[in-house]
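Visitor: Have a look at the structure that comes next, please.
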Amino acid sequence: MRRKIVAGNWKMNTTPEQGVQLVKDVLKNLGHACTSVDYIVCPPYTHLSEVVKVTRGTAVQVGAQNCAEETKGAYTGEVSAEMIASLGVRYVILGHSERRQYYGETSATLNKRMTQVYANDMVPIYCVGETLDERESGKLWDVVKAQIEEVIFELSDEQYHRLVIAYEPVWAIGTGKVATADQAQEMHAFIRKTLAAKFKDAAAKTPILYGGSVKPDNAAEIFAKEDVDGGLIGGASLKAEDFLGIGKGFDAV
């Protein structure tokens, strides 16, 4: 059985004080959430250390939102995977659509970041997904396939077994268009089939998260789909009640 994961990407939100309070609120009510779900919170760099301290020994794990592609050196403003790992962080989000769109991240740079994450014994949450133009022009399958083949296919079998994938329908985020549970399942199944071309039976065990607009009121419908193993949550992860409420979507599955 694949792991069920609900990961909260806080993006550039919360101060350190607010972030600590948010995770304390999550922990306070965790007992009322679905116990079969792995919860991950991904704060900004500025409060990773404090959030790790608060969550230590609990069922909530911590991830970073990105890492540098270099090991160390004169790279002003960058944060290395070694620095992140030294804090006790377990996961790193890589290839998020906002990083690709706003900062020009490519498969070449993401391969370097992936190497850094694995070298420091962390787990990548690798994001794939198509834009509105790519979907409407029928390029969605080619785009997502390329994002998988150019990065994930470079992994060894051992590395692949320590991987989480998130599908982000970029076209359904902030556009007013809504992705249906069926559309999510269709792409998740395609991703799993693409993975199986290289990693065979192991593809059936890979957690694939849905990165669209998941909320407490639609989580159960989305999570009921065969190839959807959880969510990479944006705005709804900034409220403890909503974040945990999304995890409860698995109760109905």
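Read-outs throughout are calculated quantities, based only on the coordinates presented, and are distinct from any laboratory measurement. Since the structure is predicted, the reported quantities are computational estimates derived from the model, not experimental observations. Cβ sites come from the backbone with ideal geometry, for glycine too, and all protein chains shown count toward neighbours.
Visitor: At 222 nm, what value in deg cm²/dmol follows for the chain if DSSP H runs of at least 4 each add -39500 (n - 2.57) and the sum is divided by all its residues, to the nearest 500?
Guide: Only helices count here, giving -10500 deg cm²/dmol.
Visitor: Could you work out Rg/(2.2 N^0.38 Å) for the range 149-253, with Rg from alpha carbons only?
Guide: So the range 149-253 has a normalised radius of gyration of 1.11.
Visitor: Which order, highest average first, do 163-173, 16-26 follow once you tally other Cβ atoms within 10 Å for each residue and take the mean per peptide?
Guide: Top to bottom by mean Cβ count within 10 Å: 163-173, 16-26.
Visitor: Using a 7 Å offset from the Cα along the Cα-to-Cβ direction at both F153 and D201, what is the distance between the two label points in nm, to one decimal?
Guide: Inter-label distance under the simple model: 2.4 nm.
Visitor: Can you list which of the DSSP-assigned H helices in the chain have a Cα extent of 20 Å or more along the long axis and an average Kyte-Doolittle score of at least -1.0?
Guide: Correct list, ordered by number: 181-199.
Visitor: A follow-up question, please. Count the lysine pairs in the range 17-172 whose Cα atoms sit under 20 Å apart, keeping only pairs 8 or more residues apart in sequence or on different chains.
Guide: Pairs that pass both the separation and distance tests number 4.
Visitor: What's the FRET efficiency of E50 with Q101 using the Cβ-Cβ distance as r and R₀ = 30 Å, to the nearest 0.05?
Guide: That gives a FRET efficiency of 0.55.
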